[in-house]
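*Asks:* One structure is given below, represented as structure tokens, and several questions about it will come after.
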Amino acid sequence: MPLHVVHDGDGVDLAAAEDAAARFLHALGISTDSESLRGTPGRMARAYAEMFSPRPFDLTTFPNDEGYDELVLARSIPLRSVCEHHLLPFVGTAHVGYLPGRRILGLSKLARVVEHFACRPQVQERLTKQVADWLQDRLAPKGVGVVIEAEHTCMTLRGVQAGGSRTLTSTLLGTLREDARSRAEFLMLTGLSR
């Protein structure tokens, strides 16, 4: 099926991306003349456009009327992103927690924040910090902790080909950084500290 020129508000031009994908494949010596490869450039363009487009969401917070002051943690949030150096995927999980201040967060929003920042070419270190900083800025909690554990296909499928290796990054802010007991509790509840 031919692709029509489509521009969205973020400047996505699927027709131009499909044309570029076809040229890219041809430059690597891959013909797209066969029935099974004819639609590949369009599929590539749509796949990358989808991976780079986060779903919009509203930050839903509620008053912390009960004065809850213990850790709130969402563990094992599925994560997928694309390495900005090779445009190859990395996949893993994020563990995101916070110590509430005056407001608490709708729990699904922890996963939405991860998805939002993961939907662009990224490096894991920046992604980890962006999620933590965003929660700190918008929620004003007593502390924030983010740990991401991911497998990078740019390292496992090419180059060193270190299959099965995983990269861990963390950002701890406020009480989770300054107080050793709070930090230890966060890491233990993520399942990373045994």
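The values are calculated or read from the model by the stated rules, or taken from the named source; none is laboratory data. The structure displayed is predicted, hence computed values, not measured ones. As a convention, Cβ positions derive from the backbone with ideal geometry for all residues, glycine included, and neighbour counts pool all protein chains shown. Note: areas computed on protein heavy atoms with side chains; ligands, DNA, RNA excluded. Shrake-Rupley method; radii C 1.70, N 1.55, O 1.52, S 1.80 Å.
*Asks:* Kindly check whether there is at least one residue in region 71-87 that is touching a residue at least 40 places away in the same chain (Cβ under 8 Å) and among the basic types (K, R).
*Replies:* Yes: one or more hits.
*Asks:* Give just the number: which of (1) more than 26 Å from W134 (Cα to Cα); (2) under 15 Å from the mean Cα position of the chain (by Cα) does R38 not satisfy?
*Replies:* With respect to (1) more than 26 Å from W134 (Cα to Cα); (2) under 15 Å from the mean Cα position of the chain (by Cα), R38 is out only on (2).
*Asks:* Just for region 48-72: of the residues that are open to solvent by 30 Å² or more (accessible area, probe 1.4 Å) and among the aliphatic types (A, V, I, L, M), which one is nearest to the chain's Cα centre (by Cα)?
*Replies:* For region 48-72, the residue satisfying everything is M51.
*Asks:* Would you check if V12 is touching a helix residue (DSSP H, G or I) at 6+ places or on another chain (Cβ under 7 Å) and modelled with pLDDT under 95?
*Replies:* yes
*Asks:* Then there is this: Quick check on this structure: which one of R120, R75 is closer than 27 Å to L14 by Cβ, open to solvent by 70 Å² or more (accessible area, probe 1.4 Å), out of contact with any Asp or Glu (no Cβ under 7 Å at 6 or more places or on another chain) and not polar (S, T, N, Q)?
*Replies:* After ruling out the rest, the residue left standing is R120.
*Asks:* Quick one: in region 127-171, which of the residues that are among the β-branched types (V, I, T) and surrounded by fewer than 19 Cβ atoms within 10 Å (Cβ to Cβ) is nearest to G92 (Cα to Cα)?
*Replies:* Among them, the one singled out is T167.
*Asks:* Provide a single number: the residues in region 26-47 that are outside any loop (DSSP other than H, G, I, E, B), open to solvent by less than 100 Å² (accessible area, probe 1.4 Å) and either at pLDDT below 95 or within 23 Å of R120 (Cβ to Cβ) (or both).
*Replies:* 5
*Asks:* Return the only residue of L127, L99, L107, L73 being of a type in the set (A, V, I, L, M) and modelled with pLDDT under 95.
*Replies:* None of the others qualify; the one that does is L107.
*Asks:* Sticking with this structure for a sec: Of the residues L168, L139, L135, L157, which single one is touching a residue at least 24 places away in the same chain (Cβ under 8 Å), within 19 Å of L71 (Cα to Cα), out of contact with any Ser or Thr (no Cβ under 9 Å at 6 or more places or on another chain) and not basic (K, R)?
*Replies:* The conditions single out L135.
*Asks:* Just for region 90-117: of the residues that are touching an Asp or Glu at 6+ places or on another chain (Cβ under 9 Å) and in contact (Cβ under 8 Å) with a residue 60 or more places away in the chain, which one is surrounded by the fewest Cβ atoms within 10 Å (Cβ to Cβ)?
*Replies:* V91
*Asks:* Identify, by number, the condition in (1) farther than 21 Å from F62 by Cα; (2) within 14 Å of the chain's Cα centre (by Cα); (3) assigned to a helix (DSSP H, G or I) that V131 doesn't meet.
*Replies:* Among (1) farther than 21 Å from F62 by Cα; (2) within 14 Å of the chain's Cα centre (by Cα); (3) assigned to a helix (DSSP H, G or I), V131 violates only (1).
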